[in-house]
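As structure tokens, the structure follows; a few thoughts come after it.
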Amino acid sequence: MNEHATCVVGIDVSKRKLDIALLANSKIKSKVFDNTVTGHSELVQWLLERGAEQQRTHICMEATGPYSEVVAIALVESGWHISVVNPARIKGFAQGELARNKTDRADASLLARFCAAMRPSLWTPPSAEWRELRGWVDRLQALKDMHQQESNRLEAHTTTGQTSLIESVQTHLDWLAQQIGALEHDINDHINRHPELKHDAELLHSIPGLGSTTVAKVLAYAGDVRRFANAKALAAFIGVTPRQRLSGSSVKGRTMMSRTGHAELRRALYMPGLVARRHNPVLRAFGDRLSTTGLAPKAVVGAVMRKLAHLIYGVIKSGQPFDAVSYTHLRAHETDSYLVCRLLLE
């Protein structure tokens with residue numbers, strides 16, 4: 001957060017426009033700009049004309065994908081302090097205020113008040129190579145989804161005997177498979193061309209259960225894992241931390257996975273969690289220990305996913321590849337070489 005901020009700005013971002021609320025001296029000034037390069041420049045000029053100094057202004061907006069990222073990057077590169085906040089936090093803050101109206105202008109004011117009250121942490125944009133990797137990974141997943149849909153159609157047409165459609169669907173499937181292969185090659189080439197990405201990918205590959213597809217998704221969606229304060233913060237970002245429901249003597253709900261986090265990254269860790277449950281010696285022992293307590297098989301997989309997140313953080317933060325022997329030794333001795341990985345055992 002910006003400790004020296006004297007005014008705060010809330011920006012409600014949509015595809016075409018930016019609704020601005022400048023909160024200073026308990027008064028709000030509103031303005032609307034186009035969500036374009038020209039509009040971003042006009043926004044900066046408008047803020048400066050109203051006494052909003054770059055080093056003493058805190059700007060807050062919701063994370064709305066590419067629409068918010070473009071303006072956030074432009075403002076950071078211009079020297080402004082930006083916070084990009086999970087929309088769930090803003091929704092909770094609005095409920096706490098008993099907010100009844102929801103308009104773009106009202107949302108911008110809400111963001112400004114949230115920023116003033118909560119002082120969220122500042123946002124650091126990912127580098128260009130990380131953003132490009134995310135674009136490649138998103139495109140690859142889109143093609144894989146199309147391939148699965150067409151495979152389902154092919155099976156349906158084959159079952160119903162619609163031979164006239166089978167050839168058309170098969171042609172599309174062949175093209176999709178070719179494009180998927182080309183994209184996978186481009187992603188691997190992109191990672192190998194950037195030393196930091198390549199180094200982190202090699203560390204992640206050392207964890208049994210993580211393949212090339214998952215490694216690329218972890219790098220693309222989590223960004224530089226070192227930005228997280230600890231392994232628990234990474235697990236919370238993914239949404240694999242436990243959520244308890246206990247209150248007094250009457251509320252005794254089951255502990256479940258929170259699922260409040262990055263859905264795509266959480267989905268990407270599910271199959272690796274199943275694989276690691278069987279083939280990663282550390283996580284297999286961990287899962288067996290949980291199974292003996294009577295925990296449901298699916299809950300065990302969720303716990304293994306959380307441990308995978310801890311392992312991911314540990315190897316990248318320590319800069320050392322995963323080694324089951326050293327990990328086991330750490331439980332008893334906590335050697336200096338793996339001291340950073342203590343977080344994996346929490």
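The values are calculated or read from the model by the stated rules, or taken from the named source; none is laboratory data. None of these values were measured; they are calculated from a predicted model. Using ideal geometry, Cβ is built from the backbone for each residue, glycine included, and neighbour counts are taken over all protein chains shown. For the accessible areas, the whole protein counts, side chains as well, though only heavy atoms, and no ligand, DNA or RNA atoms are used. Shrake-Rupley method; radii C 1.70, N 1.55, O 1.52, S 1.80 Å.
Beta carbons closer than 9 Å, at least 6 apart along the sequence or on distinct chains, pair a first residue in the stretch 48-64 that is more than 21 Å from Ala117 (Cβ to Cβ) with a second that is surrounded by 14 or more Cβ atoms within 10 Å (Cβ to Cβ) and charged (D, E, K, R) for Arg50/Lys29. Across the stretch 197-249, the qualifying residues are those that are surrounded by fewer than 23 Cβ atoms within 10 Å (Cβ to Cβ) and acidic (Asp, Glu), and the one among them that is modelled with the highest pLDDT is Glu202. Residue pairs whose Cβ atoms lie under 6 Å apart, separated by 6 or more positions or on different chains, with the first residue in the stretch 32-43 and closer than 12 Å to Lys17 by Cβ and the second in a strand (DSSP E or B) and of a type outside the set (D, E, K, R), are Phe33/Leu18; Asn35/Leu18; Gly39/Phe33; Glu42/Phe33; Leu43/Phe33.
Just to be sure before I move on: is Asp174 charged (D, E, K, R), at pLDDT 95 or above, part of a helix (DSSP H, G or I) and open to solvent by 80 Å² or more (accessible area, probe 1.4 Å) in the structure I sent? For Asp174, the condition - charged (D, E, K, R), at pLDDT 95 or above, part of a helix (DSSP H, G or I) and open to solvent by 80 Å² or more (accessible area, probe 1.4 Å) - is met.
The condition of being assigned to a helix (DSSP H, G or I), free of Cβ contacts under 8 Å to residues at least 12 places away in the same chain and of a type in the set (A, V, I, L, M) holds for only one of Ala142, Ala99, Ala108, Ala116, that being Ala142. Determine whether the stretch 69-77 contains at least one residue that is surrounded by fewer than 16 Cβ atoms within 10 Å (Cβ to Cβ), within 30 Å of His190 (Cα to Cα) and under 24 Å from the mean Cα position of the chain (by Cα). Yes: the stretch 69-77 contains one or more residues that are surrounded by fewer than 16 Cβ atoms within 10 Å (Cβ to Cβ), within 30 Å of His190 (Cα to Cα) and under 24 Å from the mean Cα position of the chain (by Cα). Considering only residues in the stretch 78-88 that are farther than 22 Å from Gly261 by Cα and not hydrophobic (A, V, I, L, M, F, W, C), the one that is surrounded by the most Cβ atoms within 10 Å (Cβ to Cβ) turns out to be His81.
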